[in-house]
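**Q** Take this structure, written in structure tokens, and hold onto it; I'll ask about it next.
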Amino acid sequence: MTVQLDPRPPVAPAPRTGRRPPTMRFSRLDTKYSPYLFIAPFFVLFGVFGAYPLIYTFWVSLHDWDLLGSNHPFVGLENYSRLLEDADFWHAVVNTLGIFVISTVPQLLAALWLANLLNRQLRARTTFRMAVLIPNITSTAAVAIVFGVLFGREFGMVNWLLDLVGIDAIEWKSNRFASWVAISTMVDWRWTGYNALIFLAAMQAIPRDLYESAAIDGAGRARQFWSITVPLLKPTIIFTVIISTIGGLQLFTEPRLFHSGTNPIRGGTLRESQTVTMYMFENAFAPHYNFGYGSAVAWLLFALIAVVAAINVLLLRRLGGTKPPKADAKSKEGAR
Amino acid sequence: MGVFPRRRLAAVALVAATALFATAGCAGDEPAEDGKITLTVDVFSQFGYEELYKEYMASHPNVKIVERGTGTNLDDYSPKLTQWLAAGKGAGDVVAIEEGLMVEYKANPDNFVNLLDHGGAELQGNFLEWKWKGGMTQDGKLIGLGTDVGGMAMCYRKDLFAKAGLPTDREAVSKLWPTWQEYIKVGEQFKAKNTGAAFLDAATNIFNTIVLQTAGNAQGYHYYDTSGNLVVDSNPAVRQAWDTTMDIIDSGLSGKYGSWSEEWVSAFKQAKFATIACPAWMTGVIEGNAGVEAKGKWDIARVPGDGGNWGGSWLAVPTQSKHRAEAIELAKFLTSAKGQIGAFKAKGPLPSSPQALADPAIVDAKNAYFSDAPVGQIFGEGAKTLKPVYMGPKNQAVRTEVENAVRTVELGQRKPDQGWTDAVNNAKKAAAK
């Protein structure tokens, strides 16, 4: 919870009398239990909208559940065993991971670079800081539709530009790798500024004196960045990586709207850019209406996200090995 | 902290109350305003009911009609409807069900009111026999009243035909292609003139037309036989349609604009193809996509081969409707001969009622957008005699796989043989899901 920032001492307690006023007893109960009450809304909401659907989905995944049917026979883990042998599912997993990698890595690097720029003394700094967030507040659907048109085979602007420089038209929608790139562009466009602001906030918490002493020691801008900024940002980087992992592996709107026409949920004729969430939707809803199978996909996706997030965190801990100076934890509080 | 316990408690109470209110907020019905009841009608694409609603509301002052989903793609509409039905909540009082999905909804008839319990039986004479049967479940319940049928024709652009030195008069054009093989020959002539446009929009649309036609004229089923067995690989009608489509692709006649995609819509606007297989309801789609600029540039000729049916819908009343009696009444009105004529005039869906089809309003109907083509005659002629195609339990999923395989060949991702193997294997897989 928040820290009491007001430097004034609290109002003096009322002078005690021999008899305990009823408010005192109440006050004690209050101190003991009201923190729970404070956090209760979150857990209530999480229980209703998070935990319950999660458990219900698992329950559904153990059944042969035709969305329209009235009988849902129990089949145990059959949906899962079928799914593990389902080539289309693994194809979707590869797509998702592919899009995730080629969108997240450049995105976070660009965000870091952008944050570093914004952290300097610039004119109209606030304006720039606000500007990087603008892509994030535009509607995903609008972005996806615009990009879908830009990357059109025949009437798209990207191919038109490529044509100007003498490159043949690229089949953005029916070439697997090209479609990954196109979708990654959308994701990057939207999320780079968001991550940059998070990095920027963390950068501002780094005490200036560290940079000053580094500068006295003769460290250049680049050296300062890699030896001070990046190591001290590690917790923040881990946070953004986890958030990006969750978001990236659940990617749905961009690839779904990138494809138009009949049955866009396949992500192209040969499922070139069908992500796991799209595969889940295809099975749970149109055209299969197999709710049990779709739920099994959802749970495997959950497992996949947990695994990928764990791997990312482990990798990040190993990499960028420099430990932040011990004094840091304290000096952080003093900053700003 | 801990200084103003009372105020803080008030805050806690407020937060808790807000949370409770937020979770429980959406329960209960909104009270009827001035005694009116609201009937919601769920449709997709273009049903052309706007004028009919006005008329109905004028004669039923206690009813207010709200339509949802006009212009919605069927692919977006059907999952929504299924979710509403599965959840037992959310569906309109009257819902449209498309041909390809009717089988799946019929398999679970409890979701819908049995109209035979509400005077439905006496309506039988108002519908073409096969359309009436289409709304009937195996155990004899009537869950849907027919709206339109998809009589077939071939729409073409006169300006592009003129550019390629082909005849533009609709009678002359119809004579060019009594069969699909001749259609291909015309296409090759067209292609040789380099007009900058393709001969047809997309191979999937042509394939779907041919397969429904060949199947209708042969066994009366395509992907599933009438006992519900998947026969994609053994039904000669499917293979024949496949081969003809491969010939069309092989001759390089398709513009490869994936049907219903944004590129397809752009291609309409930019006059990038000369012909498109058009069931009656497609005329509304063409007009919407090509826009007013192209008015009078389109015309309608006979479809190669012998007629056929593609598409058409039913109206049903979900059991979850809170105003069943009124909803049934409205569905009956919209599907009456009068209602079907009104819809035809507005957006072109061809009536499924023999009375409507015989009505001068339809017989003499001309479509100004399509150079005053006598749409009533062109589509109506075939509708009375056409043979419907039986659709099996997972029709939509199977159809998706087969059409998708056609598209992979069209885009050059697969050779025709590989495409066929994919079509058969993926169809089997989809049917088993």
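**Q** Please indicate, with yes or no, whether at least one residue in the range B:416-430 is on the phi < 0 side of the Ramachandran plot, at the interface with chain A (Cβ under 9 Å from one of its Cβ atoms), open to solvent by 10 Å² or more (accessible area, probe 1.4 Å) and part of a loop (DSSP other than H, G, I, E, B).
**A** No - not one qualifying residue is present in the range B:416-430.
Here's the yes/no breakdown for (1) within 20 Å of the chain's Cα centre (by Cα); (2) over 28 Å from B:Ala215 (Cβ atoms):
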position	(1), (2)
B:Ser234	no, no
B:Ala237	no, no
B:Gln240	no, no
B:Ser251	no, no
B:Ser259	yes, no
B:Glu262	yes, yes
B:Gln270	no, yes
B:Ala274	no, no
B:Glu287	yes, yes
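**Q** Just for helices (runs of 4 or more DSSP H) wholly inside the range A:154-239: which have at least 1 residues that are surrounded by fewer than 18 Cβ atoms within 10 Å (Cβ to Cβ), within 14 Å of chain B (Cβ to nearest Cβ) and modelled with pLDDT of 90 or more? Outline the logic, then answer.
**A** Numbers: elements: A:157-164, A:176-204, A:208-216, A:221-224.
Here the list reads A:157-164, A:176-204.
**Q** Quick one: B:Leu212 ticks every box in (1) within 17 Å of B:Asp306 (Cβ to Cβ); (2) open to solvent by 10 Å² or more (accessible area, probe 1.4 Å); (3) not in a loop (DSSP other than H, G, I, E, B) except a single one, so which number is it?
**A** Evaluating B:Leu212 over (1) within 17 Å of B:Asp306 (Cβ to Cβ); (2) open to solvent by 10 Å² or more (accessible area, probe 1.4 Å); (3) not in a loop (DSSP other than H, G, I, E, B) leaves (2) as the failure.
**Q** Moving on. Exactly one of these conditions fails for B:Lys193: (1) touching a residue at least 24 places away in the same chain (Cβ under 8 Å); (2) within 27 Å of the chain's Cα centre (by Cα). Give me its number.
**A** Of the numbered conditions (1) touching a residue at least 24 places away in the same chain (Cβ under 8 Å); (2) within 27 Å of the chain's Cα centre (by Cα), the odd one out for B:Lys193 is (2).
**Q** Since A:Arg120 meets every condition but one in (1) under 21 Å from A:Phe225 (Cα atoms); (2) surrounded by 18 or more Cβ atoms within 10 Å (Cβ to Cβ), which condition does it not meet?
**A** The single condition A:Arg120 does not satisfy is (2).
**Q** Determine whether B:Ser321 is over 18 Å from the mean Cα position of the chain (by Cα) and open to solvent by less than 30 Å² (accessible area, probe 1.4 Å).
**A** Numbers: over 18 Å from the mean Cα position of the chain (by Cα): yes; open to solvent by less than 30 Å² (accessible area, probe 1.4 Å): yes.
Answer is yes for this residue.
**Q** Just for the range B:238-282: of the residues that are free of Cβ contacts under 8 Å to residues at least 40 places away in the same chain, polar (S, T, N, Q) and surrounded by fewer than 19 Cβ atoms within 10 Å (Cβ to Cβ), which one is nearest to B:Pro416 (Cα to Cα)?
**A** By that ranking, first place goes to B:Gln240.
**Q** Could you look through the range A:73-85, keep only residues that are among the charged types (D, E, K, R) and either away from every other protein chain (no Cβ under 11 Å) or free of Cβ contacts under 8 Å to residues at least 60 places away in the same chain (or both), and pick out the one that is surrounded by the most Cβ atoms within 10 Å (Cβ to Cβ)? So that I can check it myself, show each step before the final result.
**A** So in the range A:73-85, the residues among the charged types (D, E, K, R) come out as A:78, A:82, A:85.
Remaining after also requiring either away from every other protein chain (no Cβ under 11 Å) or free of Cβ contacts under 8 Å to residues at least 60 places away in the same chain (or both): A:78, A:85.
Numbers: A:Glu78: 16, A:Glu85: 8.
Among them, the one singled out is A:Glu78.
**Q** What single numbered condition from (1) loosely packed, with under 13 Cβ neighbours inside 10 Å; (2) at pLDDT 90 or above; (3) over 30 Å from A:Ser179 (Cα atoms); (4) among the small types (Gly, Ala, Ser) fails to hold for A:Ser70?
**A** Of (1) loosely packed, with under 13 Cβ neighbours inside 10 Å; (2) at pLDDT 90 or above; (3) over 30 Å from A:Ser179 (Cα atoms); (4) among the small types (Gly, Ala, Ser), only one is false for A:Ser70: (2).
**Q** Would you confirm whether any residue within the range B:56-73 is within 12 Å of chain A (Cβ to nearest Cβ), surrounded by fewer than 20 Cβ atoms within 10 Å (Cβ to Cβ) and either hydrophobic (A, V, I, L, M, F, W, C) or assigned to a loop (DSSP other than H, G, I, E, B) (or both)?
**A** Step one: list which residues in the range B:56-73 are within 12 Å of chain A (Cβ to nearest Cβ), which gives B:73.
Add one more test, that the residue is surrounded by fewer than 20 Cβ atoms within 10 Å (Cβ to Cβ), and what stays is B:73.
Within this subset, residues satisfying the condition of being either hydrophobic (A, V, I, L, M, F, W, C) or assigned to a loop (DSSP other than H, G, I, E, B) (or both) are B:73.
Yes - at least one qualifying residue is present in the range B:56-73.
**Q** Please indicate, with yes or no, whether at least one residue in the range A:41-53 is more than 8 Å from chain B (Cβ to nearest Cβ), at pLDDT 85 or above and over 25 Å from the mean Cα position of the chain (by Cα). If you could, list the steps in order and put the result at the bottom.
**A** We begin by selecting, within the range A:41-53, every residue more than 8 Å from chain B (Cβ to nearest Cβ); these are A:42-43, A:46-47, A:49-53.
Next, from what is left, pick out any that are at pLDDT 85 or above: A:42-43, A:46-47, A:49-53.
When the remaining residues are screened for being over 25 Å from the mean Cα position of the chain (by Cα), the result is none.
Looking for residues that are more than 8 Å from chain B (Cβ to nearest Cβ), at pLDDT 85 or above and over 25 Å from the mean Cα position of the chain (by Cα), one finds none in the range A:41-53, hence no.
The values are calculated or read from the model by the stated rules, or taken from the named source; none is laboratory data. Predicted, not measured: the structure shown is a model, and the values here were computed from it. Counting neighbours? That spans all protein chains shown, and the Cβs are built from the backbone with ideal geometry, glycine included. Side chains included, ligands, DNA and RNA excluded: accessible areas come from the protein's heavy atoms. Shrake-Rupley method; radii C 1.70, N 1.55, O 1.52, S 1.80 Å.
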